[in-house]
Structure formats: C-alpha cells, structure tokens
Amino acid sequence: MRDIAITTTRRILALLLLAASAAAAFAGPADRLYQLGLAANPADIPVFLQALTDRDLAVRKAAASQLIFVNAPEALGPIKTALQAEKSTFVRRCLIEAASRLGTPEARAVLEAALKDAAEINRLAAAERLLRAGDHAAARAEVLTALKSHDRESVLMACYIAGANRMEEAAETLAAIAMAEENGGENSRDTFALRALNRIAERHPSARPQALKAARAKTATISPFMRVELARIIGNFGEAGDLDTLHGWVGGQWVETQLPATRGLARLKNPASVEPVLEALKLALRPRGLYPTHFRIFTEHIRTLAEIGDPRAIEPLKKFIADLPAENGGKPVVQTRILAVNAAGTRLALGEAAAAGELAAFLRDGDASVRREAAKRAVALPDNRLPAEVGAALAEAAAAETEPYTALVLRRAAAARGLPAAAGPAPVFLPAEADTTAADTEPRYVMINLDDSSTIDAMERVLAMCEFCDRQDRRLVFRLMVAPASRFDQDYLAVLLKRLYDRGCEIGNHTFTHNNDGFDYLRLPEHEMEAEFRQCQSWLRDRIPGLERVYAFWSGGSGFRPREKTKMAGERSRELAVEWGLATDIPYDWPRSFNPDFLAPPYHDPGKFVSWHTRNDLSSAYMFDSAEEGIEALKSSFRVFYANPGGRPMFFGHHDWPLGEEEIRPGVKLTYEVLWGFLKWALVEERNRFPNFKGITPLEYAYITAGRAAELENRKEPLQNGR
C-alpha cells in the first residue's frame, strides 16, 4: 500500500509541477517543488502536503521548506503528523518554522510539542518562536538548559534567545560562560554570552553586577571582538573605578569599541576624562584620519566633551579644529566643516560666548550639510545657552531654506526652540538631482554585497526585502558571502539561502567558520585554509540545491591569532581558492562603482570635494542621528547617480548582521531602516520616476562587462547552477 501511495504521489507531482517553470524543464520532483514554492500559491498546498510522505528525503526537504512560505492553516494537521513521524532533523526544523508562522492557538500547541524534539537546535527554534509570540515558561526553561549544552551551536543560539528576550534568570549562567572561556572570537561562546548579558542588563538592573563582574574579568583580552562587548557593558553600567579602562578604549580601537567607550565617559561626566577624549580626537589628524573609516566617531567625542562639561576643553578643542585640513589635494574637506560645527556647539555649551557667532555663521553656510548640522547643535544646547544671535540666525535660515530636506530640519529645529519658522519659498531639487527623460532607457544598477550571511533574523529581513520587491515587479538581489558555521541554526539558514538563490541572489564562499574562535584564516597553515574553503563549498552545494559554481571568495573576519604568524596576501589566498575549485569561466573583478555621500544633500562630487563617500557599514557610515537623515542622504546621492548614467553600479558593501533585529555591534542600529527605506523608495515608491533602476549581482554584471549580456536575457536558470 505504501508503494502505491508513493507512486500516486509522484504522479500527482509530475502532473501538477510539470508546468511550474520553463526553467525546470529537466529538473526532478524536488526542484519543481522549489520552483512551485516561489509562487506561494495556496492552491498548491496539497502538492506540498502529499510530498511530505514521499520516501525521497530531497522531496520531503523541498516540500517542508516551501510550506514555510505559503502560510496555510489547513497544513497544520499534516505538519503535526509529519513532525511525529519524520526522522530528518532538517525536515522537522522546516515544519516547526512553518507551524510558527500560522500564529494560531493550534499552531502554538504544535510548537509546545516541538519543545521535546530529539534535536536540541529544533527545541530551541520552537522556544524562540514561542517567546516571540509571548512569554512562555517551558520555552524559557529550554533556553536555560541549552546554555549548559556541550554543543557550540546550541549555546550560541541559546545566548541569542536569552539576550533578545532579556531573560533575567539567564544572567548568572551567561556570566559563567563568559568567564569560563578565553576565546573571544566573533563566533565564540564567551563573546555571545557577554552580548546577551548587556542586553539583559539594559532592562534588568539586577543583572548589572553580574555583567560588570564578567566584563571586568576580561579587560586584558587581545580580542577586538571581545573588547566591543566589554566596552558596551562597562560603557553602559560602569562606575568611576572603570574610567581607566574606558580611557584606554576611547582611542585607537575599532569604532565599535570607541563608540560605547566615549558614550560611557559622557554618562559618567568625570573631568578626568577630558584629556583622554582630546587625545582620541587627535587620531583625526593622522593621514586619512577623517576619511570614511572613523569620521563620525569624532563628532561623538566632541559631543562627549559637552556632556562632561569641563571648560578646560575649550582651548584644546579650538586648536584641534584649527589643525584639521581645510583642503586635500585642492578639494575642500566637508568633514572638517562638520566637526567645526560640533566643536562650536560644544564650546558654546561649555560657556564660550564667542562661539555663538561661529554657530550663527554656520547656519548661513553655503553648504546645506553644514546648515543642518548647525541646526542640530542649536537644538542640543541647554535651554539657558541659546544666545539670541543663534536663535535669530536659526529662524532666518529656517525661513529662507530651499533645499527640501534641509528646510525640514531647520524648521523643526526652529519650532523646537519656539522660534518663528515661516514656510519660506517652496523647496526645489538641485539641478544636478533632476529626473531623467522618459526617452532614457539606460539601466541603472544597485549592487549590494553582504558578508557573513549567516545571521538568521538578518537573512529573514533580506529575503523579505527581495520578495516584497518581487511582488511589486521590481528586482532586488544581493551577493551573499556565506560563512555558514559562524552563527547558528544552519538548517533554517539553508532554507533562507536556497530561496534567496532561487530569487536571483548570488552565493559566495566566505570560509566555513569565519575565523573560528578568532583564528585568522590568512594566518592558518595552508592545509587548514583549504579545509575551511572546501567545507564551505561542500556546505553550499549540499544545502542549496542547484548551486554548483561559486565565483566569489574571500576570507572571513578580522582574526587575531596566531599573532606570531605573518598573514598571507589576499591575492595569494584567491589564487589558492582557484586551485581548490573557485569558478573562473568568466572574468570576475570588482567594477568601478558609484559610492553614496552620507553627508548629502547636497551630493558632494568626489572630483570637487572630500566628503563622507562610503559604501561600508563598518566605516561608521550608519551613525546618523536619525534614520530619516540617512535615507535622505541616500536619496540625494541616488538622484545624482540616476541623472548621470555612466555604466557604474551604485554599490553597498555590507555585512548581514547590521540588518537584523538585534544590534550586534554598536553604531549599526539604523542600518536596516536606512538601507531598506532608501531601496523601497527608489525601487517601488518612485518606480515611475526611476523605471530603469534595478538590482544586479556582481556575477551578472561580469557577464555584462564581458559583452555577454544577451545570455542573461535568454537564460532560464541561475548562473551558478553549472548547466
């Protein structure tokens, strides 16, 4: 009977899936299920449910994974039955996720039963979804149990869940994990435990002593990843006795360490911190000190001096601004002007009356970015420190402003200060930002790279962005450089990556573990490097059906050990990757790209100005005062890009984790809101103004630059499928 049922199922699959896609003309039943699943059509649910009983594991995997995306309440019964009978951990993980998305009391009962799944990761997945829907004692208990697991992936996932749900009862165990290990890698248990402790302590003061005890015990670490987490805890909750530690971190470290350190000093307001902060500012005087990598951290340091409130900072601050370069290569340095605005605001807050004239002059500056910064500094002044001269200049500027976003900022600032903010002339776009004519059909591309691509909540958002655009008949794709073992929940990650691949995204090799426990890939023995590369290749091909050829590779993360060994040159590591199987059948190089100006509007032409032209989330690019500010900067840059086509794609080089719900590192909190706000505006909301704008992968762009664009038009299958 079972054989008859299986045969019947296969006949149904063959009939219903045959026309699923022209691209699947010679695909098997599992491939056709994936193609059918892209449509997420409720009418196809019976096909997926019948396939859950197929004896071919590949078919069951495909069916279970596609049920995640169809949201079918009628599937709950078969899901429950399959969960009880299914031996595959992967299939059960998919079914748990499919049930969680239904959101019904009956689905909740299925998730509660899944807390007894044989696989610890699956139990944690059920616990996470139950806690996301509301408090759940049994789910919390499962997380606490998993924190003591011997399995690294389970511990990392439990740390994440405990932190995301601010589980006060987990603080003691997390502190023990943090103090028991000395790894400090980006994917190490001690690093994850400290991050969770900080999250819990933010909400529960009772957890702060444990968090501080664990952090103070680790301050001698050589790990830059660990220092980021320590700086967050000590910056948020530290006391006067922690000043020396924060002073040591406020300069010369990663931006993500400097940021919580300087904010911690602003919170403690100790005059002893003035000198270390001033020393940190001097880093801006180094060659390229102001350029994208560190620019915004210096505004944070200047604002910290205002919070400390010690007038002794006034004269050194004036000297610092005087020493900054006004020009570079004959081009005005916009960052210098922005820092000068902040310095004037801080000096005024510290009691220097003469700074009022400078701030008033900045409100009349010829550069809109300077005027906006001055308005923000005027609003930030203490109520008793807004001189009449500054107030008059703000009201005048608010009434006269014509640049649209700047007018909004100035008028809000004037209103916040109770000043008259006349409507003024109607704002108009700058001539360089005019729309193109309807006759223009030249495509404009956006190219987005995401390193790591293993953070579940981030990848869920990436998929949601792509699918939203797809439903609007607009194209958004990413290149996903995957380091699969660098986070947790690899089965569900594979589901997300498979669907993104089927949506047109490119998949790259970012090593298997992404510098496991801080070991630098480029310092490893060659045979270990090869193992990392090959493990990732195997994972990608095994877990993403249809993917065969991988064109993109680079090593993962900023490893810090073994320190005694010289790093291999990146070019040599790529040569080795080619020897080990990286595809090379088409020239594959970085294109010359258009980088947005994060100080726009106006967009500062890099041929005429030195400004905050950047594409990287780790260059403090998303340290805006508001998401709106970032979105408007990208909009302004984009209008110039669109009006001046030159074949270059607009490029963003990111990591996946800044797009997630949890702020994994300081300074990236607004990344998702800014990037998605801009992309949705350009691709969907203003589609009629910018019809030629669409996403493209580096591999697709390589075909275009190689003169093989016609192959993209005619091809019905992914470029990486090996056929």
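Here is how the numbers come out for the structure above:
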{"item": "FRET efficiency, 1/(1 + (r/R0)^6) with R0 56 Å, evaluated for residue 244 and residue 106 via beta carbons", "result": "0.45"}
{"item": "Under Karplus coefficients 6.51, -1.76 and 1.60, residue-wise ³J(HN,Hα) of the stretch 610-619 in Hz, glycine/proline x", "result": "9, 9, 8, 7, 8, 9, 10, 6, 9, 10"}
{"item": "Length released on extending from residue 643 to residue 571, taking residue separation times 0.36 nm less the Cα-Cα span", "result": "22.3 nm"}
{"item": "Options (i) 16, 46, 33, 5, 0; (ii) 19, 54, 26, 1; (iii) 11, 21, 23, 18, 12, 7, 4, 3, 1, 0 - which one matches P(r) over Cα pairs in 20 Å bins from 0, in percent as calculated here", "result": "(i)"}
{"item": "Difference of contour (0.36 nm per residue) and Cα-Cα distance, residue 710 to residue 206", "result": "175.1 nm"}
{"item": "Extension gain (nm, one decimal) between residue 353 and residue 460, 0.36 nm per residue minus Cα-Cα", "result": "33.3 nm"}
{"item": "Computed magnitude of the charge dipole of the stretch 444-580 (debye, nearest 20; Cβ of K, R +1, Cβ of D, E -1)", "result": "380 debye"}
{"item": "Degrees, to the nearest 10: 171-180 long Cα axis against longest axis of the chain", "result": "90 degrees"}
{"item": "Too-long pairs where the Cα-Cα distance tops 25 Å, listed order kept, from 376/669; 148/213; 282/669", "result": "282/669"}
{"item": "Folded to 0 to 90 degrees: helix 57-67 orientation relative to the chain principal axis, Cα", "result": "50 degrees"}
{"item": "Sequence-distant lysines (8 or more away, or on other chains) whose Cα lies within less than 23 Å of residue 608", "result": "331, 635"}
{"item": "Estimated distance in nm for a label pair at residue 534 and residue 323, the labels positioned 7 Å out from Cα along Cα-to-Cβ", "result": "5.4 nm"}
{"item": "Partner lysines for residue 498 [C-alpha distance under 20 Å; skip if fewer than 8 residues away on the same chain]", "result": "61, 716"}
{"item": "The chain: angle of helix 189-203 to the longest principal axis, Cα-based, in degrees nearest 10", "result": "60 degrees"}
{"item": "Mean residue ellipticity (222 nm) of the chain, computed from DSSP H runs ≥ 4 via -39,500 (n - 2.57), nearest 500", "result": "-16000 deg cm²/dmol"}
{"item": "About the Cα centre, charge dipole magnitude for the chain (Lys/Arg +1, Asp/Glu -1 at Cβ), debye", "result": "280 debye"}
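Every number here is computed from the coordinates shown, using simple stated rules; none is lab data. Source: prediction; values computed, not measured. Neighbour counts are summed over all protein chains in view; Cβ atoms, including those assigned to glycine, are modelled from backbone coordinates with ideal geometry.
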